[in-house]
Amino acid sequence: MKKSKIIPNLWFDGNAKEAAEYYVSVFPNGKILNTTYYPKTEAEGLAEFQKDFAGKVLTVEFEILGMRFIGINAGPQFKFNESVSFMITCKDQTEIDYYWDTLTANGGEESVCGWLKDKYGLSWQVCPENWEDLTKKPGAFKEMMGMKKIIISDF
């Protein structure tokens, strides 16, 4: 498979491998593609903030639903926020329920209009694949904005 020219890099605080393994378990046919490691000694070029990472996982490249990601272990300096999210388009309510329930479990958080944060703080939008058509129905947009998980039968 040809590598994408754009690969989202996700910053983790020491748990990139755990997160990658979680994501490949959630999505069908997910897989870990590559793992790299920090050099083992400071003499090999580690910056002061990287000393605790010596010899540990640096990056984990993984693929879910045909999209590649790289998780990087880089410390607590940055956290995920809602300014970036990944949309999962779902064929039916069963698929919406699966992703919603799975990604909000064990510390995930529900938000509004199909948005949620998983247990790592990454934002997702779990939406029906025909959400654009649904929002054109009278009153549907307002209804959708009032929901947490999208319930297709309400439209």
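The values are calculated or read from the model by the stated rules, or taken from the named source; none is laboratory data. Since the structure is predicted, the reported quantities are computational estimates derived from the model, not experimental observations. Please note: Cβ atoms are built from the backbone with ideal geometry, for glycine as well, and neighbour counts cover all protein chains shown.
Listed values, structure above:
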quantity	calculated
Pairs where the first residue, in the range 107-123, is more than 21 Å from PHE78 (Cα to Cα) and the second is among the aliphatic types (A, V, I, L, M) and surrounded by fewer than 17 Cβ atoms within 10 Å (Cβ to Cβ), C-beta under 8 Å, 6+ apart	VAL112/MET145; VAL112/MET147; CYS113/MET145; CYS113/MET147; GLY114/MET147
Out of GLY55, GLY107, GLY75, sole residue that is at pLDDT 95 or above, assigned to a loop (DSSP other than H, G, I, E, B) and out of contact with any Cys (no Cβ under 6 Å at 6 or more places or on another chain)	GLY107
Residue that is nearest to GLU61 (Cα to Cα) [pool: residues in the range 1-37 that are in a helix (DSSP H, G or I) and hydrophobic (A, V, I, L, M, F, W, C)]	ALA20
Among (1) under 15 Å from the mean Cα position of the chain (by Cα); (2) within 23 Å of ASN29 (Cα to Cα) - the single one LYS79 does not satisfy	(2)
Lone unmet requirement of (1) part of a loop (DSSP other than H, G, I, E, B); (2) surrounded by 14 or more Cβ atoms within 10 Å (Cβ to Cβ); (3) without any contact (Cβ under 8 Å) to a residue 12 or more places away in the chain for TYR98	(1)
Single match in ILE64, ILE72 (criterion: over 25 Å from MET144 (Cα atoms), surrounded by fewer than 19 Cβ atoms within 10 Å (Cβ to Cβ) and of a type in the set (A, V, I, L, M, F, W, C))	ILE72
